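Report on the following structure.
The values are calculated or read from the model by the stated rules, or taken from the named source; none is laboratory data. In this text, all values refer to a predicted model and were calculated from it rather than measured experimentally. Cβ atoms come from the backbone with ideal geometry, glycine included; neighbour counts cover every protein chain shown.
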Amino acid sequence: MMDTNIVSVPSSEGPVILHDAADFVGMRRAGRLAAEVLDYITPFVQPGVTTGELDRLCDVFTRERGGISAPLGYKGFPKATCISLNHVVCHGIPGDRRLEEGDIANVDVTVIVDGWHGDTSRMFLVGTKVSLKARRLVEVTRESLRRGIAAVRPGATLGDVGHAIQSYAEGAGFSVVRDFCGHGLGTTFHTAPSVMHYGQPGRGLVLRPGMFFTIEPMINAGRHDVKILDDGWTAVTRDKSLSAQAEHSLAVTEEGCEIFTLSPQGLDSFSEVRGP
Ligand code: MF3
Ligand code: CO
Ligand code: CO
């Protein structure tokens, strides 16, 4: 078979699909809507609002734009988004908790548009009194995602991506969560490959144009260890230290990468990120 006809490459986790131009069109639409949801919710992320209210606003906006909130009912998850505050690492369940002055909050949105998944999250500083340490954690987390994305190009490996994130985050004095990772996506929410946010240069899957995956580092102010609360979802730091996360969905392209979930309003300062 000619190289141009290869539609997937094998990996230890199963085939990694090499998507075609029509698939890119689908992912651009899904990724754009997911990013629009985060842009839309931004002015509502204020002291006093409940995470449940934010979740509902996201879900209604998504439906009005013709999308579906992927988390709702996914493996039994009860809400449309994940909202993770302070020492919550990921998969926080929206509810009655009101945002407070000084909180840091991750809103993680995944929408399905015409069968394609767009998955992205951002950190928000609640109010004006967020501690310097928390602000630094959030900025280091964003920069670690930028560096991971900047390592994406054909011929690079997932170990290169993980190493770029880990070396930067640990160099800043923080730790990288091991128990959750980025993931392939497309017409499925979570598929091969797993994208670790730590690793060694040159190791792991060799990237090829047409691969779609997320990068979504979770960075802790203290130790990397996490535990799951009795609700079966909420992941928190074992040492109760602060945790931050940022996520984009992207494709490997001939030139480097294409981010599907850039903020249309330029609200998350990733617009300048491109492959090398
Ligand atoms: N959006 C999360 C991710 O980045 C997954 C949430 S799955 C849920 O992969 F069930 F917790 F919603
Ligand atoms: Co994801
Ligand atoms: Co997500």
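Does segment 249-258 include one or more residues that are at pLDDT 95 or above and within 15 Å of ligand 1 (Cβ to nearest atom)?
We begin by selecting, within segment 249-258, every residue at pLDDT 95 or above; these are 249-258.
This time we only want the ones that are within 15 Å of ligand 1 (Cβ to nearest atom), so: 249-250.
Yes - at least one qualifying residue is present in segment 249-258.
Among residues belonging to segment 187-204 that are touching a Phe, Trp or Tyr at 6+ places or on another chain (Cβ under 7 Å) and under 20 Å from ALA156 (Cβ atoms), point out the one that is nearest to ligand 2 (Cβ to nearest atom). Lay out the reasoning, then the answer.
Our first condition is that a residue be touching a Phe, Trp or Tyr at 6+ places or on another chain (Cβ under 7 Å); within segment 187-204, this holds for 187, 189, 193, 195.
Narrowing the set further to residues that are under 20 Å from ALA156 (Cβ atoms) leaves 193, 195.
On the way: PRO193: 13, VAL195: 9 Å.
Only one residue tops the list, namely VAL195.
Return yes when VAL206 is hydrophobic (A, V, I, L, M, F, W, C) and either surrounded by fewer than 22 Cβ atoms within 10 Å (Cβ to Cβ) or within 16 Å of ligand 1 (Cβ to nearest atom) (or both) and no when it is not. Considered against the rule, which asks whether it is hydrophobic (A, V, I, L, M, F, W, C) and either surrounded by fewer than 22 Cβ atoms within 10 Å (Cβ to Cβ) or within 16 Å of ligand 1 (Cβ to nearest atom) (or both), VAL206 comes out as yes.
Residues that are in contact with a helix residue (DSSP H, G or I) (Cβ under 9 Å, 6 or more places away or on another chain) and among the small types (Gly, Ala, Ser): find the strands (runs of 3 or more DSSP E) completely inside segment 169-276 holding 1 or more of those.
Details: elements: 182-184, 191-195, 212-215, 218-220, 226-228, 235-237, 243-245, 248-252, 257-259.
Counting at least 1 such residues, we get 182-184, 191-195, 243-245, 248-252.
Entry remark, segment 108-165: residues being within 26 Å of ASP23 (Cα to Cα), away from ligand 2 (no atom under 16 Å from the Cβ) and either assigned to a helix (DSSP H, G or I) or basic (Lys, Arg) (or both) number 6 in total. Scanning segment 210-218 for residues that are within 13 Å of ligand 2 (Cβ to nearest atom), at pLDDT 95 or above, surrounded by fewer than 18 Cβ atoms within 10 Å (Cβ to Cβ) and within 23 Å of MET123 (Cβ to Cβ) turns up nothing. Of GLY67, GLY92, all but one fail to be surrounded by 19 or more Cβ atoms within 10 Å (Cβ to Cβ), under 26 Å from ALA235 (Cβ atoms) and within 17 Å of the chain's Cα centre (by Cα); the exception is GLY92.
Within 16 Å of ligand 2 (Cβ to nearest atom) and under 11 Å from VAL113 (Cβ atoms): does that describe ALA70?
Working: within 16 Å of ligand 2 (Cβ to nearest atom): yes; under 11 Å from VAL113 (Cβ atoms): yes.
Criteria met by ALA70.
Comparison of LEU137, LEU125 shows that the only residue that is away from ligand 1 (no atom under 15 Å from the Cβ) and either in contact (Cβ under 8 Å) with a residue 60 or more places away in the chain or in contact with a Ser or Thr (Cβ under 7 Å, 6 or more places away or on another chain) (or both) is LEU137. A single member of VAL60, VAL16 is of a type in the set (Val, Ile, Thr), over 20 Å from the mean Cα position of the chain (by Cα) and either at pLDDT 95 or above or within 30 Å of LEU207 (Cα to Cα) (or both), and it is VAL60.
Selection of segment 82-136 for residues being more than 16 Å from ligand 3 (Cβ to nearest atom), among the β-branched types (Val, Ile, Thr) and over 17 Å from PRO217 (Cα atoms) yields VAL126, THR128, VAL130. Close contacts from segment 50-66, counting a first residue that is part of a loop (DSSP other than H, G, I, E, B) and a second that is at pLDDT 95 or above, with Cβ to Cβ under 6 Å and a gap of 6+ residues or different chains, come to ARG65/LEU33.
For segment 95-107, taking the residues that are surrounded by fewer than 22 Cβ atoms within 10 Å (Cβ to Cβ) and assigned to a loop (DSSP other than H, G, I, E, B), the one that is farthest from ligand 1 (Cβ to nearest atom) is identified as GLU101. Among the residues of segment 140-181, those identified as in contact with a strand residue (DSSP E or B) (Cβ under 9 Å, 6 or more places away or on another chain), over 24 Å from MET211 (Cα atoms) and surrounded by fewer than 19 Cβ atoms within 10 Å (Cβ to Cβ) are GLU170, ALA172. From the list LEU207, LEU242, the one residue that fits, being away from ligand 3 (no atom under 16 Å from the Cβ), more than 25 Å from ALA156 (Cα to Cα) and of a type outside the set (Ser, Thr, Tyr), is LEU242.
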